[in-house]
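Comments concern the structure below.
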Amino acid sequence: MSSSQQIIDQTITWIRKVVIGCNFCPFAARTLQKHHVHYQVEDSTNTAFCLEALLKEIVRLDKEPTIETSFLIFSNAFQQFDDYLYITSLAEDLLIEKGYEGVYQLASFHPLYRFANSPKNDAADYTNRSIYPMLHLLRESSIENAVAHYENAEKIPECNVNFARKKGVTFMKLLRDSCIN
């Protein structure tokens, strides 16, 4: 498997080309430009170790207020989407259990991401299809602040779906795949 730095570099490329390039998150460019993003690669395939890595990222965010968001990238684990959905569910439960509901929000990205009830080969799935399985921790306060200064923020998901579908599966897959060196 690739080195941690290579995985981080590929993830940054994916954020620039896909997330920012397609304007899937209109708030991402500013955070990336200010270097307020942390990337952590977790090599373990053990679910307990991966959840421990998530807790370490929460502690990092607690201790370092200049970090707006953290990507926990799983280089070897959760290659199957169902396994990933399971760890995501456990991670969400862990946030609640540890008293972080309303403090941090969890976003999920996976190479095989598929929205519930979406048709097979739906280009819209590429709005959350990343190059590695990852959990994305965001500060709720940062989200609230960004949304307060963005007109029609509630329409972002719909615009993303429309954009991806207009571009089509082939375009979205080629764009995402181009992020891997």
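The set of residues in region 7-26 that are modelled with pLDDT under 95 and more than 20 Å from D125 (Cα to Cα) is empty. Give the residues of region 148-170 that are loosely packed, with under 13 Cβ neighbours inside 10 Å and hydrophobic (A, V, I, L, M, F, W, C), sorted by residue number. Across region 148-170, the qualifying residue is only A148. On the stretch given as region 70-83, residues that are more than 15 Å from the chain's Cα centre (by Cα) and not in a loop (DSSP other than H, G, I, E, B) total 2. Summed over region 32-58, the residues that are hydroxyl-bearing (S, T, Y) and in contact (Cβ under 8 Å) with a residue 60 or more places away in the chain give a count of 0.
Here's a check for you: in region 84-127, which residue that is surrounded by fewer than 12 Cβ atoms within 10 Å (Cβ to Cβ) and under 30 Å from F171 (Cβ atoms) is nearest to the chain's Cα centre (by Cα)? Here the residue is A116.
Scanning region 32-50 for residues that are over 14 Å from the mean Cα position of the chain (by Cα) and buried (at least 18 other Cβ atoms within 10 Å of the Cβ) gives E42, C50.
Within region 70-85, being over 16 Å from K56 (Cα atoms) and in contact with a helix residue (DSSP H, G or I) (Cβ under 8 Å, 6 or more places away or on another chain) holds for S75, A77, F78.
The condition of being at pLDDT below 95 and among the small types (G, A, S) holds for only one of A77, A53, A116, A91, that being A116.
Only helices (runs of 4 or more DSSP H) whose full extent lies in region 1-69 are considered here, and the ones with at least 2 residues that are more than 23 Å from D93 (Cβ to Cβ) and not acidic (D, E) are 4-14, 28-33.
The values are calculated or read from the model by the stated rules, or taken from the named source; none is laboratory data. Note that the structure is predicted; figures quoted are calculated from it, not measured. Here the Cβ is made from the backbone with ideal geometry for all residues, glycine too, and neighbour counts use every protein chain on show.
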